[in-house]
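Visitor: One structure coming up, written as structure tokens, with questions to follow.
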Amino acid sequence: MGFFKPRIGFGDVMDTGLNQWTENRTRFAANGLLARIFVDMHAMSVQHGKGPPYEPLLLSRHATRLGDLMEKCMALRKDIRELEILAMKAATDYELFQSTSKLEEELEILRLQADSKTSEMSGFLDATREFGGESIEKGLSKISDGRGNALKKDLQACDRMKDLIGQRWASLRKYQEDYHARFSEPGNAHNYGQRAEFLLEVLQVLMQEALDRASALSGGVSVIYRSHLEATPTTLTLANLDEFVKWALTALRQLGRAADQEETTEIVVPLVQPWFKTALPLVTAEAFENALRGGTDKPVIIAFEFPDNGVLNSLVRTRGIGVSFGNAFNIGDSGIDRNQTADSFTRLFVKVRTPYQRDANGNAYSRPEVLLGNVCLHGSGRVVAMADGAAVENLCPFGKWEIEIHPLVVWKDNHLRAVDSVQNSDKIRDLKLTLRIFTPNGSVPFSSASAISDEAHHE
């Protein structure tokens with residue numbers, strides 16, 4: 001039989017060392033610019049076995065649910081990582097503004113050239129005092145005086161512009177601080193950390209279920225197909241989710257290939273009527289009649305051993321279980337079975353306890369009992385009372401069965417009728433067990449799939 005063969009782990013193809021993005025993320029979180037969840041989530045891991053185990057025999061349910069879980073987990077991780085990008089962008093922009101706003105303010109003030117203008121005005125004032133009273137000197141004095149006054153007014157304007165520049169940048173900083181506060185306000189759509197934390201909690205729940213169902217799937221393959229999914233993952237992180245998805249897709253593909261070549265059929269196995277190669281019944285007529293004489297105050301228990309004697313393939317599994325009853329054939333002059341006519345109104349209520357099953361470790365356990373409330377006469381043209389739910393899926397039919405019959409039967413009129421009564425018909429002489437079965441296709445090998453590293457990986 002084929003099996004999943006481990007290969008190079010996920011950590012071998014991915015650098016787990018700290019890079020610049022991780023360093024910045026840690027620094028932003030330490031400075032309060034980034035929610036801590038965006039640092040801690042990369043160390044998050046989910047371990048198999050935290051919750052109650054799933055029934056390994058329900059392969060089709062696990063396969064369907066696992067496909068749905070993979071899609072949801074990938075979508076949730078995408079949403080979380082997008083929130084991380086938005087949060088990092090917001091933190092980076094805010095830090096950039098904080099570091100550049102003071103520089104921009106200082107550059108704007110320097111563009112006013114207040115110091116050079118002050119020095120120039122001082123020089124013109126000195127020149128005015130130094131010029132004499134002659135006509136040329138007087139003219140130059142007037143020029144220096146006029147230029148000095150102009151620079152004085154220019155400096156007054158520079159002082160006012162400097163105050164306005166400071167006020168404008170103070171307003172911008174106040175706006176940025178108020179705007180940045182929304183990233184930590186509870187319930188705010190821009191609180192990326194809170195949103196990511198909630199999504200991560202949901203993701204952890206889904207990842208836990210995915211791991212547990214993968215384990216159940218592996219156990220089911222081992223029991224039903226007698227093969228192995230040896231690389232079944234036991235730990236999931238954000239980093240190795242991709243590898244888990246590849247593992248699961250490979251497993252589901254192989255299960256699908258096997259199911260494509262499996263046929264379902266039905267057989268009817270009588271309990272009292274001899275049918276097996278030994279010509280011996282599963283329940284003797286005497287034991288069956290004695291069991292029916294229980295009166296109306298307690299149920300009738302019919303126990304029997306279903307043998308693995310070569311009539312059915314030893315790998316056979318069930319997909320449905322049904323029960324009908326039989327009695328004597330009483331043909332009249334018209335050619336019609338009188339008993340069948342009367343018993344077309346008879347209905348039994350039974351509980352079927354199926355054989356103990358064994359898990360991948362060989363431990364025996366029981367499955368829930370099967371309830372059938374519309375058990376009718378065998379071969380009467382009525383639909384056989386069948387159950388095809390989780391309680392009967394992929395059961396091994398070999399072993400000890402018990403069928404518990406309610407002591408009262410349902411009939412056409414309003415009188416009490418015991419299961420062993422004979423009125424207008426014949427007593428119940430046999431139960432017919434209908435099995436809807438298939439043989440798992442062991443010829444389809446389970447090819448190799450990726451192994452999943454159990455370690456959490458960081459970017």
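The values are calculated or read from the model by the stated rules, or taken from the named source; none is laboratory data. Everything quoted here is computed from the prediction, not taken from an experiment. Here the Cβ is made from the backbone with ideal geometry for all residues, glycine too, and neighbour counts use every protein chain on show. Side chains are part of the model used for accessible areas, which takes the heavy atoms of the whole protein and leaves out ligands, DNA and RNA. Shrake-Rupley method; radii C 1.70, N 1.55, O 1.52, S 1.80 Å.
Visitor: What list of ³J(HN,Hα) couplings, whole Hz, do you get for the stretch 45-58 from phi and the Karplus terms 6.51, -1.76, 1.60, once you set θ to phi - 60° and write x for glycine and proline?
Guide: 9, 10, 9, 5, x, 6, x, x, x, 8, 5, x, 6, 8
Visitor: Quick query: amide H of Leu34 versus all other amide H atoms, modeled in the peptide plane; which residues come in under 5 Å with a sequence gap of 5 or more or a different chain?
Guide: Ala29
Visitor: Now a separate question. Please list 3J(HN,Hα) in residue order for the stretch 244-257, calculated via the Karplus relation 6.51 cos²θ - 1.76 cosθ + 1.60 where θ = phi - 60°; whole Hz, with x for glycine and proline.
Guide: Each residue of the stretch 244-257 in turn: 5, 4, 5, 4, 5, 4, 5, 5, 5, 5, 5, 5, x, 4 Hz.
Visitor: Amide H neighbours of Phe349 under 5 Å, at least 5 residues apart or on other chains, H built in the peptide plane: list them.
Guide: Those lying under 5 Å, H to H, from Phe349 are His406.
Visitor: Further question: Starting from the stretch 229-315, pick out the trypsin sites (Lys or Arg not before Pro) whose DSSP state is loop and whose Cβ has at most 15 other Cβ atoms within 10 Å.
Guide: On the way: sites: Lys246, Arg253, Arg257, Lys277, Arg293; in loops: Lys277, Arg293.
Answer by residue number: Lys277, Arg293.
Visitor: Net charge near Thr284, counting Lys/Arg +1 and Asp/Glu -1 over other residues with Cβ under 14 Å of its Cβ? The partial results should precede the final answer.
Guide: Values: positive: Arg429; negative: Glu286, Glu289, Glu305, Asp430.
With Lys, Arg at +1 and Asp, Glu at -1, the net is -3.
Visitor: Here's something else I'd like to know. Given a Förster distance of 45 angstrom, what is the FRET efficiency for Lys427 paired with Asp260, based on the Cβ-Cβ distance and rounded to 0.05? Don't jump to the answer; show the numbers that get you there.
Guide: On the way: r = 47 Å, r/R0 = 1.04.
Using R0 = 45 Å, I get an efficiency of 0.45.
Visitor: Taking a point 7 angstrom from the Cα of His190 along the C-beta vector, which residues in the stretch 51-92 have backbone N less than 18 Å away?
Guide: 83-92
Visitor: Still on this structure, please answer the following. Amide H of Val323: which non-local residues (sequence gap of 5 or more, or other chain) have their own amide H closer than 5 Å, using H built in the peptide plane?
Guide: The list, which skips near neighbours in sequence, is Ala385, Thr434.
Visitor: Please compute the per residue accessible area over the stretch 201-332 with all protein chains in place, 1.4 Å probe, rounded to a whole number of Å². The partial results should precede the final answer.
Guide: Working: 5640 Å² over 132 residues.
Ligands and nucleic acids excluded, the result is 43 Å² per residue.
Visitor: Turning to a different aspect of this structure: What is the percent carbon and sulfur in the accessible area of the stretch 341-429, measuring with a 1.4 Å probe over the protein chains and ignoring ligands? All intermediate terms of the calculation are to be shown ahead of the outcome.
Guide: Numbers: 2220 of 4480 Å².
The nonpolar share, carbon plus sulfur, comes to 50 percent.
Visitor: Out of the total accessible area of the stretch 201-276 (probe 1.4 Å, heavy atoms of protein only), what percent is carbon and sulfur? Write down the numbers at each step before the final one.
Guide: Values: 1360 of 2830 Å².
The nonpolar share, carbon plus sulfur, comes to 48 percent.
Visitor: Using DSSP to define loop residues, name the GluC sites (Glu not before Pro) in the stretch 246-322 whose beta-carbon has at most 15 other beta-carbon atoms within 10 Å.
Guide: Details: sites: Glu262, Glu263, Glu266, Glu286, Glu289, Glu305; in loops: Glu262, Glu263.
Listed in order of number, the matching sites are Glu262, Glu263.
Visitor: Then there is this: What is the local net charge at Gly399, summed over the other residues whose Cβ is closer than 12 Å to its Cβ (Lys, Arg +1; Asp, Glu -1)? Write down the numbers at each step before the final one.
Guide: Working: positive: Arg353, Arg358, Arg367, Lys400; negative: Glu305, Asp308, Glu402.
Residues close to Gly399 contribute a combined charge of +1.
Visitor: Considering only C-alpha atoms, what is the centroid distance from the stretch 347-362 to the stretch 387-410, in Å?
Guide: Here the two parts' Cα centres lie 6 Å apart.
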